[in-house]
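Nothing in this text is a laboratory measurement; each read-out follows from the coordinates by a stated rule. None of the values given here were measured: they were computed from a predicted structure. So basically every Cβ, Gly included, is an ideal-geometry build from the backbone, and we count neighbours across all protein chains shown.
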Amino acid sequence: MITIIINKIKRRLDTNYLTPVAMPPSDLLRNEIKERGLKQTDLAEKLGISQPFLNCLLKEKKKVSIELAIRLEEVLDIEAEQWVKLQRLFDKIETRNKTEQSLQNLNISS
C-alpha cells in the first residue's frame, strides 16, 4: 500500500503541474472590512473577540473555527459554512504544497 502511495506521489511530482493556491479566509475578511468601511476594533467587539485575536486572524496566525464562523455569519451575513469551507480548503492546499515540497527535497525519484 505504501509503495502505491509513493509511486502516485512520484508521478505527481514528475508532471510539473502548477501548484494550487487557495484564498485564505483572512483575504475575504480583509476585503469585507474594507468594503464595509469597518474598523477592526468595532468588528472585534461585534464578534465578541479581542482586537489582537482579530489581528492574528488577519495575519493568518489564527484559523477560523466553527464558532468564529457562526459569529462571522451573524455579523457579516456570510454563511458560516462558507467560512469553514474556505478555511478547510486553504489548510488542505497549504498542507499538500508543504508535503509535496518536502518530498521534492528528499529527492524522490521514480
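Quick one: go through region 66-83 and flag any residue whose amide nitrogen is under 15 Å from the point 7 Å out along the Cα-to-Cβ line of ASP27. The answer is 83, whose backbone nitrogens lie closer than 15 Å to the label point. The residues ASP42, ASP91, when put in order of fewest to most other Cβ atoms within 10 Å, stand as ASP42, ASP91. Here the alpha carbons of region 21-105 define both size measures, Rg and Dmax, at 14.0, 45 Å.
Quick check on my link table: of LYS46/LYS92; LYS34/LYS63; LYS39/LYS59; LYS62/LYS98; LYS46/LYS98; LYS34/LYS98, which ones sit more than 24 Å apart, alpha carbon to alpha carbon?
Details: LYS46/LYS92 29 Å; LYS34/LYS63 20 Å; LYS39/LYS59 16 Å; LYS62/LYS98 18 Å; LYS46/LYS98 35 Å; LYS34/LYS98 31 Å.
LYS46/LYS92; LYS46/LYS98; LYS34/LYS98, as the Cα separations exceed 24 Å there.
For the pair THR99 and ARG36, the difference between a 0.36 nm per residue extended length and the Cα-Cα distance amounts to 18.9 nm.
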